[in-house]
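Please treat every number below as a calculation from the coordinates, not as lab data. Since this is a predicted model, take the numbers as computed values, not measurements. Positions of Cβ are generated from backbone atoms using ideal geometry, with glycine treated the same way; all protein chains shown enter the neighbour counts.
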Amino acid sequence: MKILVPVKRVVDYNVKVRVKADGTGVETANVKMSMNPFDEIAIEEAVRLKEKGVATEIVAVSVGPTAAQEQIRTALAMGADRGILVEAEGTEPLAVAKILKALVEKEGPQLVILGKQAIDDDMNATGQMLAALLGWGQGTFASKVEIADGTARVTREVDGGLETVALTMPAIVTADLRLNEPRYASLPNIMKARKKPIETMKPGDLGVDVTPRLTVLKVEEPPKRQAGKKVGSVAELVDKLRNEAKVI
Ligand code: AMP
């Protein structure tokens, strides 16, 4: 069984994101970029399925700039077998989902494991759109995945509890935080990953038009928080809450 794992290049989660001076987006020049954290979890899950003998091949795919090769290499160092880079920038979830659909038709995986959301745009849409385009079942926000007899049993984190769904494969899974703890790539595996193949193509090669459908009107910083104040007693705190903040 082949597994396809889409991995997105995003601003590293430790970086304090800055809005560009002209308000057109987020500053990415000279900023540390990494694999979207939920995609690391997706890769880890695929690698564990391969280690269990359930999967035979893992293909990591990124839609992004040439530099997204770095994130594909990370996936290869974690245990993916080969990579595909589709060179396109600023793609919206629908365009990415169309590209992934074309790759699914070419590669024939039984499972696509995505992150539940990319931490840059917080869209939380690509997996769902891909499932709809393919007409496949989807198990989103997965905290557990078990594969047996052509069925994927996915435990999902829903408000106030867990839901378990059975998906007829081929299927789409999106990874939540508690699915697993991704491994660090070891040095020998980083070295080995350098020799693994990465195929490069353009959206046009897959017959996909990536023209944006959305126009970003403005990106703003959140309002600055005011400094806190120390109070000397509970009575003073209650007084301030009542008469200054007017919240009680
Ligand atoms: P989103 O819908 O943008 O929040 O992203 C959800 C998931 O879709 C991510 O965690 C990735 O697995 C996948 N994805 C989104 N955009 C890309 C991209 N440009 N390249 C590869 N995978 C992507």
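Some values worked out for this structure:
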quantity: With at most 15 other Cβ atoms within 10 Å, longest stretch of the chain clear of loop chymotrypsin sites (Phe, Trp or Tyr not before Pro) (DSSP); calculated: 14-183
quantity: Residues residue 227 and residue 191, FRET efficiency given R0 of 51 Å [Cβ-Cβ distance, rounded to 0.05]; calculated: 0.55
quantity: Counting DSSP beta bridges with both ends in the chain, the antiparallel % (nearest 5); calculated: 40
quantity: Choice from 140, 164, 215 showing the highest fluctuation, given a GNM over the chain with Cα pairs closer than 10 Å; calculated: 215
quantity: Hull volume in cubic angstrom per residue (convex hull over the Cα atoms of the chain); calculated: 188
quantity: Relative contact order [Cα under 8 Å, 6+ residues apart], the stretch 2-243, whole percent; calculated: 24
quantity: Inter-part distance where the stretch 213-248 and the stretch 142-210 are each reduced to a Cα centre, Å; calculated: 40
quantity: Set of lysines with alpha-carbon distance to residue 218 below 26 Å, sequence-local pairs under 8 removed; calculated: 8, 16, 20, 32, 116
quantity: Computed magnitude of the charge dipole of the stretch 99-248 (debye, nearest 20; Cβ of K, R +1, Cβ of D, E -1); calculated: 540
quantity: Residues residue 184 and residue 28, FRET efficiency given R0 of 35 Å [Cβ-Cβ distance, rounded to 0.05]; calculated: 0.90
quantity: Between 0 and 90°, nearest 10: helix 234-243 axis offset from the chain longest Cα axis; calculated: 90
quantity: Given charges at Cβ of Lys, Arg, Asp, Glu: the stretch 2-243 dipole, positive-most of 95, 84, 165; calculated: 84
quantity: Cβ-based exposure ranking for 200, 211, in which fewest neighbours within 10 Å come first; calculated: 211, 200
quantity: Residue among 163, 236, 105 with the largest mean-square fluctuation in a Gaussian network model of the chain, springs linking Cα atoms under 10 Å; calculated: 236
quantity: Principal axis box of the stretch 22-147, alpha-carbon based, largest edge first, Å; calculated: 50, 31, 28
quantity: Stretch gain in nm, segment residue 1-residue 133, where the contour uses 0.36 nm per residue and the Cα spacing is subtracted; calculated: 45.4 nm
quantity: Sorted by Cβ density within 10 Å, fewest first, the residues 233, 34, 143, 62; calculated: 233, 143, 34, 62
quantity: Residue with peak Gaussian network fluctuation, the chain [Cα springs, cutoff 10 Å], from 226, 71, 117; calculated: 226
quantity: Modelled label reach - residue 143, point 7 Å along Cα→Cβ, the stretch 173-191 residues with backbone N closer than 14 Å; calculated: 175-181
quantity: Residues 120, 205, 39, sorted so that the one with the fewest Cβ neighbours within 10 Å comes first; calculated: 205, 120, 39
quantity: Within the chain, helix-based [θ] at 222 nm, where runs of 4 or more DSSP H residues each add -39,500 (n - 2.57), nearest 500; calculated: -8000 deg cm²/dmol
